[in-house]
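Since the structure comes first, as structure tokens, the remarks are kept for the end.
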Amino acid sequence: MGKVQIESLVGRGGVAEVYLGTHTTLERKVAVKILRNLNEENSDALDRFNREARAVAKLRHPNIVQVHDFDTIDSNPYLVMEYIEGPSLSKYLRVLHQNNGRLPLYQVARLIRGIASALQYAHNNGVIHRDVKPGNILLTSPSSLITIGKPLPEDFEPVLSDFGLVRFLDARRQTTTGHIAGTPAYMSPEQSRGEASDGRADIYSLGVVLYEM
């Protein structure tokens, strides 16, 4: 796909597939997310994707997955992103809670500070995430590979991924009222009602993540 040699399927959801590949020019591992049937949802979905992808590609923050490129294949848009080697917070918490464990409070604070910093930076640049949840928070470490079921290393970092549902804060670019985007368990009330929302919806969702931890 373009300059990416696809190697394997990482995961598949209701509207997207994620593949691991190697960028032949950058000579590094990348993740490729293909959004399926986005162009069929409404007439301006593809244009909206291009606007949002440009906005996300401009974001540079240590706690946000970097977008390297975006394009379409067979009318399906896709993102070429930085590959983060590490599990999602969702998978890590699931096993931890099954074993009646809890994250130490200092690690909860480190995680919340990192994601809050990422959201503040994105909001300052006119972008909201709209789908903050443990499944979109990746755990990584510069010193060791993070393993589910084992304690997190002291230097772990949370990285926020999947800005596929972002909207500009500019109300003129909001999607039409009645369109619901996000994950129900983490949605703010206004999102659940399909109303226009702003960065405060991300803060609400982060509060739910904090409660879950």
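Taking the stretch 61-92 only, how many residues are of a type in the set (Ser, Thr, Tyr) and part of a strand (DSSP E or B)?
Adding up the residues that qualify gives 3.
Restricting to the stretch 116-157, and then to whatever is in a helix (DSSP H, G or I) and hydroxyl-bearing (Ser, Thr, Tyr), can you tell me which residue is farthest from Asn99 (Cα to Cα)?
Tyr121
Which one is modelled with the lowest pLDDT among residues in the stretch 1-47 that are under 20 Å from the mean Cα position of the chain (by Cα) and part of a loop (DSSP other than H, G, I, E, B)?
Asn37
Looking at the stretch 62-85, which of its residues are open to solvent by 30 Å² or more (accessible area, probe 1.4 Å) and touching a residue at least 60 places away in the same chain (Cβ under 8 Å)?
Answer for the stretch 62-85, where residues must be open to solvent by 30 Å² or more (accessible area, probe 1.4 Å) and touching a residue at least 60 places away in the same chain (Cβ under 8 Å): Pro62, Asp69, Asp71, Ile73, Tyr83, Glu85.
Return a yes/no flag: does the stretch 126-137 have any residue that is of a type in the set (Lys, Arg) and open to solvent by less than 20 Å² (accessible area, probe 1.4 Å). Let's see the steps before the verdict.
Let us first name the residues in the stretch 126-137 that are of a type in the set (Lys, Arg), namely 130, 133.
After this cut, where a residue has to be open to solvent by less than 20 Å² (accessible area, probe 1.4 Å) as well, the list is 130.
Yes: the stretch 126-137 contains one or more residues that are of a type in the set (Lys, Arg) and open to solvent by less than 20 Å² (accessible area, probe 1.4 Å).
Taking the options Val209, Val159, name whichever one is modelled with pLDDT of 90 or more and touching a Pro at 6+ places or on another chain (Cβ under 7 Å).
Sole residue among the options that is modelled with pLDDT of 90 or more and touching a Pro at 6+ places or on another chain (Cβ under 7 Å): Val209.
Identify the single condition in (1) small (Gly, Ala, Ser); (2) in a helix (DSSP H, G or I); (3) under 15 Å from the mean Cα position of the chain (by Cα) that Ala109 does not satisfy, given that it satisfies every other one.
Failing condition for Ala109: (3).
Name the residues in the stretch 110-159 that are closer than 19 Å to Val208 by Cα and free of Cβ contacts under 8 Å to residues at least 40 places away in the same chain, would you?
Hits for the stretch 110-159 are Arg113, Gln120.
Checking Arg12 against (1) without any contact (Cβ under 8 Å) to a residue 24 or more places away in the chain; (2) over 29 Å from Val208 (Cβ atoms); (3) of a type outside the set (Gly, Ala, Ser); (4) open to solvent by 80 Å² or more (accessible area, probe 1.4 Å), which test does it fail?
So Arg12 meets the others, but not (2).
The values are calculated or read from the model by the stated rules, or taken from the named source; none is laboratory data. None of these values were measured; they are calculated from a predicted model. Every residue, glycine as well, gets a Cβ built from its backbone with ideal geometry; the counts of neighbours run over all protein chains shown. Please note that ligands, DNA and RNA were not included when accessible areas were found on the heavy atoms of the full protein model with its side chains. Shrake-Rupley method; radii C 1.70, N 1.55, O 1.52, S 1.80 Å.
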